[in-house]
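The values are calculated or read from the model by the stated rules, or taken from the named source; none is laboratory data. Note that the coordinates shown come from a computational prediction; the quantities given were computed from them, not determined experimentally. Because the Cβ atoms are built from the backbone with ideal geometry, glycine has one as well, and the counts that use them run over all protein chains shown.
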Amino acid sequence: MTVRTDTHVAAALQAQDLSVRLGGTVVLDHVSLSLPAGRWTCIVGPNGAGKSTLLKALAGLLAYRGQVLLLDRPLQAWSRRERARTLAWLGQAEPGADDLTVWDVAMLGRVPHQPWLGTPSAADRAAVRQALQATQAWAWRHRPLGELSGGQRQRALLARLLAVQAPVLLMDEPLAHLDPPHQADWLALVRRLTAQGHTVVSVLHELNLALRADALLMLDAGRVVHQGPSGEPATHRALEAVFEHRIAVRALPGDGAGWVVVPRVAGQPEGPLACT
């Protein structure tokens, strides 16, 4: 296992000897990691590797053994309301009340900031408006969730996450149902968030977009097998290995153009992609 983190950057989330059992099966096996603040870390790995389970454990949504630290404090030391203001969560295939409007769904992100039975403040309404505009959901804010397409629904749920205005954001498959233009919008949004000092941790199956993250954390069979900057050759080799060398990471033409994941085909030459 190779783990390389930036020791000069404070950790937003840490796990120490983290283990999770689900239905008697060990899904996470003594995982230790440190996720830097103000950066985007993408968790990748094959199906069944434990990616979603890890994200849920870091969010405190699953019982676990070991310790999780949020901003250097044990997760259990945070009050529920304080933690909800600090760590925002977007789950995979989340259910929602179909009769709620998009505005109301996004306003749920402001609940941790409101007093018990309180009404939304001007700051709450401003945060929701900003979140809906950032996800391009403002135009249909009055529509019920049940009337939306899968992509529109996902953008409404993303707006709820943003409305929390939390410093740490965890997203499990946030690109589900999003078409390529809106995937690109999400990528630009994540870059704006990290530029503002937010920490983003995501689980993605879209490996070409995952390579745009600051760092990749790879899981296999419930263990961390590599953590490192997404642009390093060692990370590319580890990414190929965790997918059993059925993919290849290739350099795009042009200086600093980035990398792309392609299926590995027998007899295909190694090296940068050729332009035709």
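So Ala63 clears everything in (1) farther than 21 Å from Ala131 by Cβ; (2) part of a helix (DSSP H, G or I) except one condition, right? Which one?
Unmet condition: (2).
Any idea which of (1) modelled with pLDDT of 95 or more; (2) of a type in the set (D, E, K, R); (3) farther than 30 Å from Gly228 by Cβ is the one Arg80 doesn't satisfy?
(1)
Taking region 183-211, which residues are part of a loop (DSSP other than H, G, I, E, B) and of a type in the set (Gly, Ala, Ser)?
Gly197
In region 98-133, how many are over 11 Å from Arg160 (Cα atoms) and either small (Gly, Ala, Ser) or within 23 Å of the chain's Cα centre (by Cα) (or both)?
Of the residues in region 98-133, 8 are over 11 Å from Arg160 (Cα atoms) and either small (Gly, Ala, Ser) or within 23 Å of the chain's Cα centre (by Cα) (or both).
Tell me, yes or no, whether region 74-93 has at least one residue that is under 16 Å from Glu173 (Cα atoms), buried (at least 18 other Cβ atoms within 10 Å of the Cβ) and among the polar types (S, T, N, Q).
No, that holds for no residue.
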